[in-house]
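Asker: One structure, as structure tokens, below. Some questions next.
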């Protein structure tokens, strides 16, 4: 049985209003380049929510990392804030992003990395021969 190393793609973002849009485009083009069989919409939504949280609540330059593990793709967003996210009560203006990520992913979490943190989620991809 042949195993392969996971494919990894990374994008360093500026702290700008346009960064979430750049992250969404990066996600679409990366998944297309990997010829991913999955629907890209949930991945784009997860990246958008995690990047937006990093821009609103984090510090420093956010980094988006996509890791193709074969049966799943891991989305990571790193920033320089050591404060881990907490899921708040949903209000008309906040609290929905992490709930959305929780609903569309098979797993999610956050941990400290270096002087900052990484917030991640994993989404399943269809088995070979299947597409969504």
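What follows is calculated from the coordinates using simple rules that are stated; it is not laboratory data. For clarity, every value in this text was computed on a predicted model and none was experimentally measured. Glycine gets a Cβ as well: all are built from the backbone with ideal geometry, and neighbour counts include every protein chain shown.
Asker: Could you check the range 1-47 and list, in sequence order, the residues that are out of contact with any strand residue (DSSP E or B) (no Cβ under 8 Å at 6 or more places or on another chain), without any contact (Cβ under 8 Å) to a residue 24 or more places away in the chain and within 21 Å of residue 101 (Cα to Cα)?
Answerer: 17, 18, 21, 25, 28, 29, 40, 41, 44
Asker: Within the range 77-90, is there a residue that is within 12 Å of residue 42 (Cβ to Cβ) and in contact (Cβ under 8 Å) with a residue 12 or more places away in the chain?
Answerer: To start, the set of residues in the range 77-90 that are within 12 Å of residue 42 (Cβ to Cβ) comprises none.
The answer is no, given that none of the residues of the range 77-90 is within 12 Å of residue 42 (Cβ to Cβ) and in contact (Cβ under 8 Å) with a residue 12 or more places away in the chain.
Asker: Give the number of residues within the range 48-62 that are farther than 20 Å from residue 94 by Cα and without any contact (Cβ under 8 Å) to a residue 24 or more places away in the chain.
Answerer: 0
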